[in-house]
Amino acid sequence: VNTRSAKSVALVLGLFALAVYVGYIAWIGLIL
Amino acid sequence: MSSTAADAHDHTHHGHEHKGFVAWCLRWITTTNHKDIGTLYLMFSLAMLFVGGAMALYIRAELAVPGIQFQNPHFFNQMTTVHALVMVFGMIMPAFAGFANWLIPLMIGAPDMALPRLNNWSFWLLPFAAALLVMTLFFDGGGPAGGWTLYPPLVLQTGDALPFVIFAVHLLGMSSIMAAINIIVTIMNLRAPGMTLLKMPLFVWTWLITAYLLLLAMPVLAGGVTMLLTDRFFGTSFFEAAGGGDPVLFQHIFWFFGHPEVYIIILPAFGIISEVIPTFARKPLFGYASMVYATASIAFLSLIVWAHHMFTVGMPLGGQLFFMLTTMIIAVPTGVKVFNWTATLWKGSLSFETPMLFALAFLFLFTLGGFSGLMLAIVPADIQYHDSYFVVAHFHYVLVPGALFGAFAGAYYWLPKMTGHMYDERLAKWHFWLTAISVNVTFFPQHFLGLAGMPRRIPDYATQFADFNLVSSIGAFTMGFSQLLFVYVIIKCIRGGPKATAKVWDEPRGLEWTVPSPAPHHTFETPPVVK
């Protein structure tokens with residue numbers, strides 16, 4: 001089993017979740 | 001993987017060598033084994049069923065007869081709010097996360113989850129978050145009382161509890177996001193040789209799709225509640241009209257999370273039903289590929305229907321039409337699923353053990369909840385039904401005989417695999433019939449109450465609603481106490497009973513039935529080859 005690949009996929013997914021969180025607040029802040 | 005799996009191994013043996021309560025606690029706190037963590041999730045969920053259930057019984061006791069029976073209306077509102085939050089985030093989601101932990105590695109032939117330490121953290125955030133949430137009931141000003149939807153400006157009137165509620169929601173969301181990441185990575189990276197995506201059991205498929213939904217929806221909820229926090233404490237006005245914001249904006253954000261959340265809860269139940277029905281019909285699942293595509297379609301549609309929860313805010317006609325039609329289209333892939341389950345039963349060699357009974361009740365009663373959902377999707381009708389007991393009846397039909405019955409079916413189906421013993425079939429059937437009858441006694445009259453005009457989230461009502469409310473309360477207490485039987489059956493099964501074979505049932509399909517019962521602590525350290 002390739003641990004490094006599993007961790008990279010997890011990191012990408014985690015960063016995606018963080019980007020949605022920050023991006024959503026920033027976007028709404030901008031449109032208001 | 002090699003280092004993490006070795007750590008999990010060490011922890012377990014460490015626990016076995018030392019006797020005593022501290023060692024026992026440490027074994028469960030530090031475990032990285034997917035079966036241990038699955039068990040922790042399931043036990044936690046069962047405990048929360050009784051915490052949330054006690055709140056439900058308080059609500060039904062208050063509503064049994066007209067007039068104010070206990071305390072004050074403000075406490076009643078706290079009960080409806082915290083009951084919902086506990087049941088959604090503390091009970092039903094962890095129940096399916098427990099099955100995911102136990103079964104996904106077994107079903108795809110993996111030795112464990114891909115990230116065992118993250119898995120441990122995902123679980124252990126939960127008890128603290130749930131404790132924090134329940135503790136807010138004792139704060140100055142009480143717990144949150146504006147409903148689980150946390151709409152501003154009402155929720156901003158919460159006392160000292162507000163930041164703690166928001167922190168608890170953040171922790172619950174973090175736990176879900178980490179579990180979702182772990183599930184996606186496990187399914188994408190750890191499948192045994194030959195286990196192609198379209199050979200995976202339906203339960204694994206539904207969880208893969210659910211995990212992506214979690215990843216899309218939970219950060220949006222986190223963003224929404226963070227904005228509530230800054231509105232209350234840091235002078236922003238995201239949701240305050242006086243400062244240029246808009247309270248309706250929060251409703252959009254909440255339901256952009258909230259509607260996928262409904263499917264996050266129900267899709268794993270679909271997966272369990274898709275495992276149970278073929279086993280007890282002794283036939284392969286009808287239309288496997290169409291089940292996968294239907295699940296993916298439901299997940300996609302769940303992201304574009306959110307404003308059907310807010311038809312009464314006054315949105316443009318185009319918006320109403322869009323959200324009404326997309327909502328109705330969900331009936332198509334859902335219909336495909338119900339058709340496939342029914343077609344699996346067709347000419348099958350049926351037997352009616354408890355998991356099958358719960359699956360069949362699910363089939364009838366979830367469909368009933370789905371139909372009332374279609375009624376609510378019709379804009380002019382929804383303007384009448386909105387915020388009435390009809391809505392309460394609808395979502396309890398999809399969540400209780402829907403999602404919860406899915407979890408019960410799964411519990412009885414895999415309990416012999418988990419414990420190594422057969423459960424007491426006679427008592428389990430009693431549990432089924434008591435629950436299936438009382439769930440209808442509780443929630444069916446609520447349709448009539450709603451259609452007759454009884455609003456939701458009120459502690460008192462006009463006397464014309466008295467009869468159906470009393471019937472509903474009698475049903476609720478019967479259902480609540482029947483769950484003690486479930487606990488007894490589980491304890492009895494853990495402590496002993498007829499020895500379960502590896503296959504347990506006549507014709508089960510899937511790799512989990514190739515390992516002994518109880519499933520050994522470590523399985524598939526050498527991956528099986530799937531043909």
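Some observations on this one:
- For region B:477-491, a tally of residues being surrounded by 15 or more Cβ atoms within 10 Å (Cβ to Cβ) and within 14 Å of B:M418 (Cβ to Cβ) returns 2.
- Chain A, residues that are over 27 Å from B:G243 (Cβ atoms), assigned to a helix (DSSP H, G or I), at the interface with chain B (Cβ under 8 Å from one of its Cβ atoms) and of a type in the set (V, I, T): A:T3, A:V9
- Taken over region B:111-156, the criterion of being acidic (D, E) and within 14 Å of another protein chain (Cβ to nearest Cβ) is satisfied by B:D112 alone.
- Close pairs (9 angstrom Cβ cut-off, 6 or more residues apart or separate chains): charged (D, E, K, R) in region A:3-23, not in a helix (DSSP H, G or I) anywhere: A:K7/B:A114; A:K7/B:L115
- Among the candidates B:T81, B:T32, residue that is among the hydroxyl-bearing types (S, T, Y) and in a helix (DSSP H, G or I): B:T81
- Top-ranked residue of region B:198-244 - restricted to ones that are among the aromatic types (F, W, Y) and part of a helix (DSSP H, G or I), ranked as nearest to the other protein chains (Cβ to nearest Cβ): B:Y212
- Among (1) of a type in the set (G, A, S); (2) at negative phi; (3) surrounded by fewer than 23 Cβ atoms within 10 Å (Cβ to Cβ); (4) touching a residue at least 40 places away in the same chain (Cβ under 8 Å) - the single one B:G38 does not satisfy: (3)
- Test: residue in region B:14-21 that is within 14 Å of chain A (Cβ to nearest Cβ), over 30 Å from B:Q71 (Cα atoms), modelled with pLDDT under 95 and outside any helix (DSSP H, G or I): no
- Residue within region B:183-190 that is of a type outside the set (K, R) and more than 14 Å from chain A (Cβ to nearest Cβ) present: no
- Filtering region B:306-347 to residues that are among the small types (G, A, S) and part of a helix (DSSP H, G or I) leaves B:A307, B:G318, B:G319, B:A331, B:G335, B:A343.
- Pick from region B:148-188, criterion in a loop (DSSP other than H, G, I, E, B) and free of Cβ contacts under 8 Å to residues at least 24 places away in the same chain, ranking: nearest to B:L221 (Cα to Cα): B:T158
The values are calculated or read from the model by the stated rules, or taken from the named source; none is laboratory data. From a predicted model like this one, the values you see are computed outputs, not experimental measurements. When we count neighbours, we look across all protein chains shown, and the Cβ atoms used for this are built from the backbone with ideal geometry, even at glycine.
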